[in-house]
Amino acid sequence: ANAALTALDPDTGDILVMLGSPDYFDAAIDGAVNVCLMPRQPGSAIKPLTYAAAFAAGYTPATMVLDVPTTFTTKEGNPYVPINYDLASHGPVLLREALGSSLNVVAVKVLERIGVRELISLGHELGITTLQDTSHYGLALTLGGGEVRLLELTAAYATLASGGLRVEPRAILRVETVSGQVLWTQQPVEKQRVLDQRVAYLVTDILADDSARIPAFGEGSPLALSRPAAAKTGTTTDWRDNWTVGYTPQLVAGVWVGNADNSPMVSVSGIHGAAPMWHQFMEEALKGEPVRTFTRPPGLVSAEICADSGMLPGPHCPHRRREWFIAGSEPRETCTMHRLVPVDRR
């Protein structure tokens, strides 16, 4: 198998690591090919962009969507029936769990509501250059149906880490002659806001929520570090590509694993292939660095919700919890999912 890893400083965009393959001189894995720059299908690693676009459009982490078998119609008029990774349906789920546990059906439903153009437009603003002709893409785009570069997707995650300020990867800081004469110096670039910082925080908060991942990945998966960190895996349906991209406030890294000849791997998913590499790299690279938490921006409010419906809890709601909302988007209606029903015991 082959692998690639790239790491960025989300504050500056400096490329700290670019490992295009394990061995440049290994022809058996096409080692001279820099996979960090090669377009590959990202699987579910693209989903955080879908949810960022949804939150910007007014959806919330507490929006409830039914995860049930659903048939969509493609532009060609063909039926499209996405299935979840675990081949199961989970009924009513809130978007926090849907993203944390990477539920495919819900992601497709969300993209259908916000529109493929919105996802592609946001991708462009975050620095992804490979998704160009919108007519080529359908709802499968949110499951990784379009190719992206590891470097660019990592930079898109770095934008989330920086609170919605676009991060431009920088490979060269200075050019000088052998005698030390400076010919060119990288000038500071003012960061451009491409995403509401509250939206960026909501996505980060979900990707850093280990409890939201439990249904799919269990507790204490390789996505959890010894410090606050946000991460997402991706696996293509044919096992050809698997990814893990994630970040702390001071470091973002993306890992790709696959076969150099593009042959499918055998049941190797992002959580089993790329995630352990990402975990080990992040722990080692951050050793001795101060533990930083993600800064919650102003304009967010916390509200108690029914954990099943996402609405204000009623007197009969059995499960409640608190959720973050962009001010003004918190639920106003009381839950109607749970109510007392008279039963004739006879």
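Only protein heavy atoms count here; under a 1.4 Å probe, Asp210 has an accessible surface of about 40 Å².
Length available on full extension from Asp11 to Ser121: 0.36 nm per residue minus the Cα-Cα distance, which gives 37.3 nm.
In plain terms, the C-alpha convex hull of region 235-334 casts an average shadow of 10.2 nm² when viewed from every direction.
Highest mean first, how do 90-100, 215-225 rank when packing is the count of other Cβ atoms within 10 Å averaged over residues?
Final packing ranking: 90-100, 215-225.
In straight-distance terms, cross-link reach from Lys47 covers every one of the lysines whose alpha-carbon lies under 28 Å from its own, apart from those fewer than eight places away in the same chain; here that gives Lys75, Lys109, Lys191, Lys232.
In the chain, the portion of solvent-accessible area held by carbon and sulfur atoms comes to 53 percent [1.4 Å probe, whole percent, DNA, RNA and ligands not counted]. Scan (1) 42; (2) 56; (3) 37 for the value of percent of Cα pairs over 30 Å apart calculated from this model and give just the label. Comparing each candidate, only (3) matches the computed number.
Note on the chain: GNM, Cα springs under 10 Å; of Met18, Met64, Met265, the largest mean-square fluctuation is that of Met265. Cysteines of the chain lacking any other cysteine Cβ under 4.7 Å from their own Cβ: Cys36.
Calculation over all alpha carbon pairs of region 229-275 in 10 angstrom steps from 0 returns a P(r) of 32, 46, 18, 4 percent.
Step by step: find N for region 151-227, compute 2.2 N^0.38 Å, then divide the Cα radius of gyration by it. What's the final number?
On the way: Rg = 18.4 Å, N = 77, 2.2 N^0.38 = 11.5 Å.
Compared with the compact-globule rule of thumb, region 151-227 sits at 1.60.
Using a probe of 1.4 angstrom and keeping all protein chains present, the accessible surface of region 269-346 works out to 66 square angstrom per residue. Sorting the segments 338-345, 162-169 by their mean number of nearby beta carbons within 10 angstrom, highest to lowest, gives 162-169, 338-345. For region 1-126, the share of alpha carbon pairs falling in successive 5 Å distance bins from zero is 2, 9, 15, 16, 16, 13, 12, 10, 6, 2, 0 percent.
For region 134-282, the average shadow cast by the Cα convex hull is 12.6 nm², which is a quarter of the hull's surface. On C-alpha positions alone, give me the angle between the axis of helix 104-114 and the longest principal axis of the chain, in degrees, nearest 10. Tilt of helix 104-114: around 90 degrees.
The values are calculated or read from the model by the stated rules, or taken from the named source; none is laboratory data. Note that the structure is predicted; figures quoted are calculated from it, not measured. Reconstructed Cβ throughout: ideal geometry from the backbone, glycine too, with neighbour counts over all protein chains shown. When the accessible area is computed, the model is the full protein with side chains, heavy atoms only, and any ligands, DNA or RNA have been set aside. Shrake-Rupley method; radii C 1.70, N 1.55, O 1.52, S 1.80 Å.
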